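The values are calculated or read from the model by the stated rules, or taken from the named source; none is laboratory data. Predicted, not measured: the structure shown is a model, and the values here were computed from it. Cβ placement follows ideal geometry from the backbone for every residue including glycine, while neighbour counts extend to all protein chains displayed.
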Amino acid sequence: MGRPSARETLLDTAERLFAEHGLEGISLRSINTEAGLSSAALHYHFGSKATLVESLLERQMPALMERRGELLEALDARPGPPTTREVLTAMLAPQVELLTEGGEPGIRYIRLIHRLQSDGDLDFGFVTKRWPGGISRLVPLLAQANPTLPQTLVERRLAFAIDVMLPSLVKAPKPIGEDLSLYIASLLDFLTGAIEAPTTGAPLS
């Protein structure tokens, strides 16, 4: 196997540094320095930080969203409504597969996405427009699984579930092994219960 290209070296370095420090905590110059390349290398290959981030997303997001789309489409094509757990499993499975099969690059990518999300630097509108991945099926499928819940509540609880999902994956057992399946099962138990919880409408007292 040959040495990685300058572009791949920059992407690997930026992915690691952004995951550790966030977009605001890392300058383009520091990425060039850490990668051992000239001060003009990153500008030559990407032009701007925004283009660099888009290129980082492009590394794994198309495959992740395509896989999620396939799983959601299969659920949607079945007769009868799916269960909440089945929908959440379809939503979560691509990231879990990346953790278990993607090696260190897969783990690093999950960490990057989590950091972008937690810092408010991940534009979900851009992601879902660029790589739809069947996301439009999530709420309808969850609504089918929970016919007694108002759709607005399903949407809100799904947003909560997504906020919990990525931090939980980042904290998954390392090294990746048998403990991960139990960990993911517990996460799915938690998220399923959160989506299906009965409504009380009781405000904080």
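Within the range 10-27, the residues that satisfy the criterion of being in contact with a Leu (Cβ under 9 Å, 6 or more places away or on another chain), surrounded by 13 or more Cβ atoms within 10 Å (Cβ to Cβ) and farther than 13 Å from S55 by Cβ are R16, A19, G22, L23, I26. Determine if the range 35-44 includes at least one residue that is free of Cβ contacts under 8 Å to residues at least 24 places away in the same chain, of a type in the set (S, T, N, Q) and touching a Phe, Trp or Tyr at 6+ places or on another chain (Cβ under 9 Å). Yes: one or more hits.
Residue check: is G133 modelled with pLDDT under 95 and surrounded by fewer than 19 Cβ atoms within 10 Å (Cβ to Cβ)? So G133 fails the test.
Conditions tested, residue by residue: (1) under 24 Å from P81 (Cβ atoms); (2) in the same structural domain as L71 (by TED's automatic domain parsing); (3) among the hydrophobic types (A, V, I, L, M, F, W, C).
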| site | (1), (2), (3) |
| --- | --- |
| L142 | yes, yes, yes |
| P150 | yes, yes, no |
| R157 | yes, yes, no |
| V164 | yes, yes, yes |
| K171 | no, yes, no |
| S181 | no, yes, no |
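Looking at the structure I just gave you, is S136 free of Cβ contacts under 8 Å to residues at least 12 places away in the same chain and not basic (K, R)? When the stated conditions are applied, S136 passes them.
Every condition in (1) surrounded by fewer than 19 Cβ atoms within 10 Å (Cβ to Cβ); (2) closer than 24 Å to T200 by Cα holds for T84 except the one numbered (1). No other residue among A145, A93 is within 17 Å of the chain's Cα centre (by Cα) and either surrounded by fewer than 19 Cβ atoms within 10 Å (Cβ to Cβ) or touching a residue at least 60 places away in the same chain (Cβ under 8 Å) (or both) apart from A93. Of E101, E86, all but one fail to be without any contact (Cβ under 8 Å) to a residue 12 or more places away in the chain, of a type in the set (D, E, K, R) and under 16 Å from L71 (Cβ atoms); the exception is E101.
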